[in-house]
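**Q** Pasting a structure below so you can have a look.
The values are calculated or read from the model by the stated rules, or taken from the named source; none is laboratory data. Please read all numbers here as calculations on a predicted model, not as lab measurements. Neighbour counts run over all protein chains shown; Cβ positions are idealised from the backbone, glycine included.
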Amino acid sequence: MNQMDQTPPDPEAERKRIIKGRNNALALLLFALVVLFFFITISKRVG
Amino acid sequence: MSTASAQPIPLPTDWRDFLSLTKPRVMSLVIFTGLCGLLAAPVSVDPILGFTAILCIALGAGGSAALNQWWEADLDAKMKRTANRPLPAGRMERSSARDFGVILSVLSVLILGLACGWLAAGVLAFSIFYYAVIYTIWLKPRTPQNIVIGGGAGAFPPMIGWIAATGEITLMPVLLFAIIFFWTPPHFWALALFVETDYAAAGIPMMPVVAGHQSTRRQILVYAVLLLPIALAPFLLGLAGWFYGISALLLGAMFLLLSLKVATFRTAQNDADMRAERRLFAFSVLYLFALFAALVADRFIAG
């Protein structure tokens, strides 16, 4: 194991990484919902 | 320096922990049986609405799983199998799990209602209530029959899939419900026999803990015997074709044989490694996948 592996992760960097991941996941979810509602509306109107 | 400043501020919860709250592995079976219910229905389903129905069944299952983990966080901490879940491991606030579960549940019911009708949405809402309240909060800690009653929660997805496709409750979705309902006790009791120590540590009255191994093994056989005619019923009542009938018969015979081994065949070696119970548990998963796949295949064979 080298010196780099033993360095503890910076808590602030870790915090930023987790928050960024959560924001991305939420944005993706909201976008998916918008797309889903769009297609449901099209399907209901066509059907 | 104050004491507070010496304590590290806890990290926010990672999105993967929210995902794990939904029990993705259990969800795969829910999605599969829900999809089978949808595809086996004798109507053609709009692909977008069909996809939405399955998504909502999955979201509802995820929401109720999150509520289950919110309620059982203390019990999960006592079992090796569940101790690393986000709540017992301290990676998430309990209220976050509760809110996440409620949001997913409400969202799934609303979207399903708007897309596929309020009957399917109503059954989905009831299934979430059944799992989160009737099973998790009320019966699981109180009765060794918890698995029998809890099996109802897992039996809803194919029924919801069928109702989402057809818009009505007929005999067939009730039979699909019954198949999973009678399949659940032998499936979970086989598992509970070889992880008994864990359940005992958490104080959950699982059948092997309360009634003992022999009684549990006999009850496994009883449910396996009941499951055979119920699984054959769609064929016998003319609701499914010969392909499904033959599949149900062969799979049911194998299930019965393995249950019989669990109930009767006992040696010191077998008791030690629980080989028969492990085999039955593994086959029970295959059984359900194969039976529902046969139902869908039969529908396409029949046209």
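**Q** Could you give every pair whose Cβ atoms fall below 7 Å, whose first residue belongs to segment B:223-249 and is touching a residue at least 40 places away in the same chain (Cβ under 8 Å), and whose second residue is buried (at least 17 other Cβ atoms within 10 Å of the Cβ) and of a type in the set (Ser, Thr, Tyr), counting only separations of at least 6 or pairs across chains?
**A** Between residues of segment B:223-249 that are touching a residue at least 40 places away in the same chain (Cβ under 8 Å) and residues that are buried (at least 17 other Cβ atoms within 10 Å of the Cβ) and of a type in the set (Ser, Thr, Tyr), the close pairs are B:PRO234/B:TYR244.
**Q** All but one of (1) modelled with pLDDT of 85 or more; (2) farther than 30 Å from B:LEU139 by Cβ hold for B:PHE265, so report the exception by its number.
**A** In the conditions (1) modelled with pLDDT of 85 or more; (2) farther than 30 Å from B:LEU139 by Cβ, B:PHE265 misses (1) alone.
**Q** Next question. Have a look at B:PHE194, B:PHE188, B:PHE265 and point out the one that is surrounded by 17 or more Cβ atoms within 10 Å (Cβ to Cβ) and of a type in the set (Phe, Trp, Tyr).
**A** Only one candidate passes the filter, namely B:PHE188.
**Q** Tell me which residues, restricted to segment B:144-185, are among the β-branched types (Val, Ile, Thr) and closer than 26 Å to B:CYS116 by Cβ.
**A** Going residue by residue through segment B:144-185, those that are among the β-branched types (Val, Ile, Thr) are B:147-149, B:160, B:163, B:166, B:169-170, B:174, B:179-180, B:184.
B:ILE160, B:ILE163, B:THR166, B:ILE169, B:THR170, B:VAL174, B:ILE179, B:ILE180, B:THR184, listed by residue number.
**Q** Follow-up. Which residues, taken from segment B:15-56, are within 14 Å of chain A (Cβ to nearest Cβ) and within 17 Å of the chain's Cα centre (by Cα)?
**A** If the condition is that a residue be within 14 Å of chain A (Cβ to nearest Cβ) and within 17 Å of the chain's Cα centre (by Cα), then B:SER20, B:LEU21, B:THR22, B:ILE54, B:LEU55, B:CYS56 are the ones that fit.
**Q** Would you check if B:ASP99 is charged (D, E, K, R) and either farther than 30 Å from A:THR41 by Cβ or crowded, with 18+ Cβ neighbours inside 10 Å (or both)?
**A** No.
**Q** Another question, then. Which condition number in (1) under 18 Å from B:MET159 (Cα atoms); (2) part of a loop (DSSP other than H, G, I, E, B); (3) without any contact (Cβ under 8 Å) to a residue 60 or more places away in the chain; (4) not acidic (Asp, Glu) is the one that B:VAL45 fails?
**A** Every condition holds for B:VAL45 apart from (3).
**Q** So which pairs qualify, if the first residue must be in segment A:32-47 and under 15 Å from B:GLY117 (Cα atoms) and more than 8 Å from chain B (Cβ to nearest Cβ), the second must be exposed (fewer than 14 other Cβ atoms within 10 Å of the Cβ) and not hydrophobic (A, V, I, L, M, F, W, C), the Cβ gap must be under 7 Å, and the two must be at least 6 apart or on different chains?
**A** Close Cβ pairs satisfying both conditions: none exist.
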